[in-house]
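What follows is calculated from the coordinates using simple rules that are stated; it is not laboratory data. This one's a predicted model, so the numbers in the text were calculated from it and none came from an experiment. FYI the Cβ positions are ideal-geometry reconstructions off the backbone, even for glycines, and counts take in every protein chain you see.
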């Protein structure tokens, strides 16, 4: 099994499961890749400390630097909260190490599961292709099915840890993994992969168009109110989302975008609408101004 990754210095996320163990094995064989092994303990499972010790010993065996952190999210923590905490940790490690990017072990089954989940949740245009490689996060196993990863691990005698929560179908992702995806024959998996690929290409084109338009705005933290109002409602929400992401703000949802667009159309100048815990938008006569939120 080969993976496509450019030479460089990377933070590799290793949970101790079979996917990340195989990823680490493939990466450590590359002489042009420098690695920092990073492990994040969500504090969701009582045996999670054993996972950390396992990954720590694995890093020691390979002579690689090891970084970890632990929080106490508890069993009731949502997947979104756990994901945000994990990536915040990985980004801190990357910054401290001066690494080029983070590498995760997401594979083809994760790609398909995520697309199915986002369709069920009714997410927007990005939901179908949300799990992709980016400049700061590389996912070189996205084209590799889970079964091939397990086969590789067994053939090379690699040990790994099993996450006890992976069989709990009360989690929506596990339900998709164990109940929905197995019903997909290879032809249907291929069709879904093609839909994801097409969506990713269209999204990239739309994002570029939005970026070009945002460059014409009065300033980085301002939007032309009249321009926004004249856009179709759905397009206006996409424009606001792109504007916020360009400012490094990502902790918003569909309801927040709806409130912002309605406020732009109806609020009197001087009024303000909160975006998240640290940012707010002031409605002016001709512009929307993104500012630090006043306490």
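Table for the structure above
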| quantity | calculated |
| --- | --- |
| Footprinting exposure proxy for 226, 106 (fewest neighbouring C-beta atoms within 10 Å first) | 226, 106 |
| Dimensionless Rg over Rh [region 8-184; C-alpha; Kirkwood] | 0.94 |
| Descending principal axes extents, region 112-252, alpha-carbon based, whole Å | 60, 28, 28 |
| Relative exposure of 184, 40, judged by other C-beta atoms within 10 Å (fewest first) | 184, 40 |
| Max mean-square fluctuation residue, GNM over the chain, Cα-Cα springs under 10 Å, options 33, 93, 144 | 33 |
| Isotropic mean projected area of the C-alpha convex hull, region 185-248 (nm²) | 5.4 |
| Long-range tail of P(r) for the chain (Cα pairs > 24 Å, %) | 59 |
| Per-residue Cβ neighbour rank within 10 angstrom, fewest leading, 243, 227 | 227, 243 |
| GNM result for the chain, Cα springs below 10 Å: residue of 119, 35, 209 fluctuating most strongly | 209 |
| Span from the region 202-230 Cα centroid across to the region 165-190 one, whole angstrom | 38 |
| Helix-only [θ]222 nm of the chain, DSSP H runs n ≥ 4, -39500 (n - 2.57) each, per residue, nearest 500 | -14500 deg cm²/dmol |
